[in-house]
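To start, the structure under review is shown below, and the notes come after it.
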Amino acid sequence: MKPDHVSTSDIRSAFSAAMSAMYREEVPAYGTLMELVARVNDETLAAQPKLKERLEATDYLDRISEERHGAIRLGTAAELSMMARVFAVMGMYPVGYYDLSTAGVPVHSTAFRPIGDAELKRNPFRVFTSLLRLDLIADEDLRRAAADILARRRIFTDGAIALTEKAERDGGLNTDDAQHFVSEVLETFRWHDEANVDAAMYHRLHDAHRLIADVVSFKGPHINHLTPRTLDIDRVQALMPDYGIAPKAVVEGPPTRACPILLRQTSFKALDEPVSFRNAGGAWEEGSHTARFGEIEQRGIALTPKGRALYDRLLDQSRKIVRPAADGSNARDYEAALAQSFAEFPDDWSTIRAEGLGYFTYSLTAKGNAASTNHGDIETLIDQGLVQFDPIVYEDFLPVSAAGIFQSNLGDGAQQEFVASPNQQRFETDLGMKVLNEFDHYAGIEQGSIDACLRALSKQDAAE
């Protein structure tokens, strides 16, 4: 990076802040949500001093108030590949492949996010980015019409493209260019209340699937939610009505636990917003569209393949007992089934680690920092009190939970069924690069922390 270049983390932080300010203006309930989350986080930290101590010790405390994830839906391979280039300027890269067709949503997706430990602690902004699967639209005429509509739109400004190319060519952006880049890219995510289809086409798309209408009918991929992180999602869920916000009936993901795993999410119902459509005579006529909503998340430990297999089995088991209804009518029964099924998943960090279910970072204790000799492998060092471990935060997403949020907040109880059709190779071809395997990524972080502990003790030993 040249001396006058702004770091990718600083650009990402500036963009995240600008996005948050824009969304607060567009969706006032988001501001209310932020106030509620801040209150709950402050109360949780005050009530759990040990949690605050470990968050401070692992440099995770400051990032929580900054933490956001957004979600966008793209229509073409060209949009996806250009979006990847734009996010790279912010130090965000594609992690994981998600096939949401299994949950009745005609997209496949990845999550753009920072991947280095320092970058995540600086600002862990993520954008869950989906690409519409036109091949899953059964109506051939509608499929062709949707493709034609998408081919004509341009979702990036000329300035955004030019500055992305400049960053690629020069290895970064200076302060003025970085500020201009943020403002230009923000336009891609802005809400447009004028549709680029007529009302008849909108309803044809909507009848095929609400998400298809959302992607195809507008000038760009408006951000459809921006999600803060809470330390106690059950408390947020309980307090939302006091703030004039109606929460969805069920928190998506695992049940309440002493040791949180993966990701839990809730939301408020999507807004019914006024939209204008051109009629056959070229005049505007009023209509409405439902897309944007508020979401909150609580993050737990990243699970190993073994832990994830157990999680998937238990979630499937609970849904065979009670499948959550989109209208929330069986919410209590589902929550009971979920708690019953997940009783099998260990709920203390030592057992989760011992059984190889989750990923941890390792660091020297005060005793370890004062040790003069290296006493063996990592397990021995833990037993001797020289090394401690902390859960690695899950930075990614859960497709079933994402689909559940979408279906419930839109009231889409009769969503179209799709045959599961994962196609990671096609997605990566459209993306223009491979997605990072999340398990390999977390395993690398864990092993790196073990190696760092062993090196530190070896240096202390050598110094003696």
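Before moving on, here are some points about what is shown:
- So Asp348, is it out of contact with any strand residue (DSSP E or B) (no Cβ under 8 Å at 6 or more places or on another chain), open to solvent by 30 Å² or more (accessible area, probe 1.4 Å) and touching a residue at least 60 places away in the same chain (Cβ under 8 Å): yes
- The one condition from (1) over 20 Å from Pro391 (Cα atoms); (2) not in a helix (DSSP H, G or I) that Ala78 does not meet is (2).
- Among the candidates Ala111, Ala138, residue that is small (Gly, Ala, Ser) and assigned to a loop (DSSP other than H, G, I, E, B): Ala138
- In a residue-by-residue description of region 404-413, the property of being touching a Phe, Trp or Tyr at 6+ places or on another chain (Cβ under 8 Å), modelled with pLDDT of 75 or more and either more than 30 Å from Leu315 (Cβ to Cβ) or open to solvent by less than 10 Å² (accessible area, probe 1.4 Å) (or both) applies to no position.
- Going through (1) closer than 19 Å to His180 by Cβ; (2) surrounded by fewer than 17 Cβ atoms within 10 Å (Cβ to Cβ); (3) within 22 Å of the chain's Cα centre (by Cα); (4) not hydrophobic (A, V, I, L, M, F, W, C) one by one, Gly31 falls short only on (1).
- Beta carbons closer than 7 Å, at least 6 apart along the sequence or on distinct chains, pair a first residue in region 25-41 that is more than 14 Å from Lys269 (Cα to Cα) and in contact (Cβ under 8 Å) with a residue 60 or more places away in the chain with a second that is of a type in the set (S, T, N, Q) and surrounded by 15 or more Cβ atoms within 10 Å (Cβ to Cβ) for Val37/Thr230; Val40/Thr230; Asn41/Thr230.
- Scanning region 38-60 for residues that are touching a Lys or Arg at 6+ places or on another chain (Cβ under 6 Å) and open to solvent by less than 50 Å² (accessible area, probe 1.4 Å) gives Val40, Leu45.
- Residue count for region 1-28, restricted to those that are buried (at least 18 other Cβ atoms within 10 Å of the Cβ), touching a strand residue (DSSP E or B) at 6+ places or on another chain (Cβ under 7 Å), over 17 Å from Arg190 (Cβ atoms) and not hydrophobic (A, V, I, L, M, F, W, C): 1
- Selection status of Thr175, open to solvent by less than 50 Å² (accessible area, probe 1.4 Å), of a type in the set (Ser, Thr, Tyr) and either at pLDDT 95 or above or closer than 22 Å to Ala77 by Cα (or both): no
- Search result, residues across region 256-291 that are outside any strand (DSSP E or B), surrounded by fewer than 22 Cβ atoms within 10 Å (Cβ to Cβ) and either modelled with pLDDT under 90 or in contact with an Asp or Glu (Cβ under 7 Å, 6 or more places away or on another chain) (or both): Thr256, Arg257, Ala258, Cys259, Lys269, Leu271, Asn279, Ala280, Gly281, Gly282, Ala283
- When region 129-167 is limited to residues that are open to solvent by 70 Å² or more (accessible area, probe 1.4 Å) and either of a type outside the set (D, E, K, R) or in contact with a strand residue (DSSP E or B) (Cβ under 9 Å, 6 or more places away or on another chain) (or both), the one that is farthest from Met82 (Cα to Cα) turns out to be Ala138.
- Residue in region 154-169 that is part of a strand (DSSP E or B) and touching a residue at least 12 places away in the same chain (Cβ under 8 Å) present: no
- Neighbours by Cβ (under 6 Å, 6+ apart or cross-chain): first from region 317-336, more than 16 Å from Ser267 (Cα to Cα); second hydroxyl-bearing (Ser, Thr, Tyr): Gln317/Ser341; Ser318/Ser341; Val322/Tyr334
- Check on Ser109, surrounded by fewer than 22 Cβ atoms within 10 Å (Cβ to Cβ), at negative phi and either in contact (Cβ under 8 Å) with a residue 24 or more places away in the chain or not aliphatic (A, V, I, L, M) (or both): no
- Selection within region 178-191 - open to solvent by less than 20 Å² (accessible area, probe 1.4 Å) and among the hydroxyl-bearing types (Ser, Thr, Tyr): Thr188
- Selection over region 180-228 of residues that are under 30 Å from His5 (Cα atoms) and either modelled with pLDDT of 90 or more or of a type outside the set (A, V, I, L, M, F, W, C) (or both) gives a count of 16.
The values are calculated or read from the model by the stated rules, or taken from the named source; none is laboratory data. Owing to the predicted nature of the structure, the values given are computational and were not obtained by experimental measurement. Neighbour counts run over all protein chains shown; Cβ positions are idealised from the backbone, glycine included. Ligands, DNA and RNA are excluded from the accessible area calculation, which covers all protein heavy atoms including side chains. Shrake-Rupley method; radii C 1.70, N 1.55, O 1.52, S 1.80 Å.
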